[in-house]
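Visitor: Supplied in structure tokens, the structure appears directly below.
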Amino acid sequence: MGIRLADGPDPAAGLDPDLAQAARGIGFAVGARLRDLAPSLRPASDGGAEPDLLIDEIALDPDDPLDPLTLIACLQAHDAYVAGRGRPQGASPGALALARVLAWAARAEMLGRPPRIAWIGPPTRRPDDAVGHAVTATVVLLDGDTRVRAAAVAVIA
């Protein structure tokens, strides 16, 4: 099952198809970057079933509202990443959090000078000497009644 949206409207509904396709293109590029970062995948159940995680929240600090184009890019990046790891129905909360930061950077690059990411990864692994402005993404996913949290931080030099 992987990571999915709650039942509701498709984020691409009402969007110009070319814009939705461009968002997917950003997602594929971010997915390639995720392969380099190699966030972990949640294990399958003892019976081999992949996790079924429902998105509850995706946030970015400093605040950058999650618009449909960025959501499409993040989901595409996640799906490309887990498929590239050989588990197309797999789930990686960390990859989704990293995708949120990287999608923000990709969209910022379209508007002008790209942000230079000096370091990116989980907050707990941030080097003490990493100096710069921190951009932090957090995701909250639901695994049944259990909340699964993941975060990623990028240090912008």
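Visitor: Give me the orientation-averaged projected area of the Cα convex hull of the stretch 99-157, in nm², one decimal.
Guide: 4.5 nm²
Visitor: Using a basic spin-label model with each label point 7 Å from the Cα along Cα→Cβ, how many nm lie between Ala83 and Asp67?
Guide: With each label point 7 Å from Cα toward Cβ, the separation is 2.5 nm.
Visitor: Along the Cα-to-Cβ line of Ile156, 7 Å from the Cα, sits a label point; which residues in the stretch 99-127 have backbone N less than 13 Å from it?
Guide: Residues passing the 13 Å test: 101-119.
Visitor: Something else about it: Take the Cβ-Cβ distance between Asp145 and Leu37 as r, set R0 to 30 Å, and report the resulting FRET efficiency rounded to the nearest 0.05.
Guide: 0.50
Visitor: A further question on this structure: Kindly state, to the nearest 0.05, the FRET efficiency for Asp52 paired with Asp10, given R0 = 22 Å and r defined as their beta-carbon distance.
Guide: E(calc), rounded to 0.05, equals 0.75.
Visitor: Are there any trypsin sites (Lys or Arg not before Pro) in the stretch 90-157 that are in a DSSP loop and have at most 15 other Cβ atoms within 10 Å? List them by number.
Guide: Filter output for the stretch 90-157: Arg116.
Values quoted throughout were computed directly from the atomic coordinates according to the rules given, and no laboratory measurement underlies them. Keep in mind that this is a model prediction, so the values were computed, not measured. Positions of Cβ are backbone-derived with ideal geometry, glycine not excepted, and every protein chain shown enters the neighbour counts.
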